[in-house]
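Can you read through this structure? Questions will come right after.
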Amino acid sequence: MLAADCGPFDELSVEGVLELLPSLSTFPPSTSKRSRSKRAGRSRGTARILGWLLSFPGDGWQERWIVSGADSSLDWIDVVTAGYGCVEASRRSVTTDGLGCLLLARVVRPSYEFLQCYRTSGLYRHAKREFGADLFSSSGRLAWPGE
């Protein structure tokens with residue numbers, strides 16, 4: 001895999017990725033019990049996904065992401081959530097929140113195919129906030145010239 005195909009944090013350890021999360025502008029602050037609970041959930045979800053990705057061969061997170069098949073469907077989310085907690089909706093929510101963190105932190109770089117099947121307005125809204133509205137405007141002009 002070309003280095004350009006990997007995110008800037010491809011070689012971080014699980015612990016390194018978890019330490020990176022609070023730097024996201026969209027990561028909840030630790031100012032209240034509720035926001036601390038959300039932080040903990042997002043960190044748990046991120047750690048679950050990274051633990052699962054470690055079961056696949058690869059030199060970094062991006063290679064494991066591709067080898068695992070995570071970049072081409074969402075079926076893997078049910079595999080990752082199995083065995084955690086007793087309420088399926090809660091398990092899935094924690095895992096998808098962790099996935100959002102991995103994408104926003106650029107630990108893995110999803111394909112366009114993945115983004116088409118992972119339709120969530122929350123990711124778009126958070127990415128716009130994380131990367132800046134100017135970047136979204138310029139990338140939109142590049143993708144759809146003349147509009």
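Do any helices (runs of 4 or more DSSP H) entirely within region 23-82 hold 1 or more residues that are of a type in the set (D, E, K, R), modelled with pLDDT of 95 or more and more than 12 Å from the chain's Cα centre (by Cα), and if so, which?
61-68
For the structure I just gave you, tell me whether Asp10 is more than 15 Å from the chain's Cα centre (by Cα) and in contact (Cβ under 8 Å) with a residue 60 or more places away in the chain.
Criteria not met by Asp10.
Working only within region 60-75, note down all residues that are in contact (Cβ under 8 Å) with a residue 60 or more places away in the chain and either open to solvent by 40 Å² or more (accessible area, probe 1.4 Å) or farther than 17 Å from Leu12 by Cβ (or both).
Glu63, Ile66
The values are calculated or read from the model by the stated rules, or taken from the named source; none is laboratory data. What you see is a predicted model, and the numbers here were worked out from it, not measured in a lab. Methodologically, a virtual Cβ is constructed for each residue, glycine included, from the backbone with ideal geometry; neighbour enumeration extends over all protein chains shown. Just the protein is used for accessible areas: all its heavy atoms, side chains included, with ligands, DNA and RNA removed. Shrake-Rupley method; radii C 1.70, N 1.55, O 1.52, S 1.80 Å.
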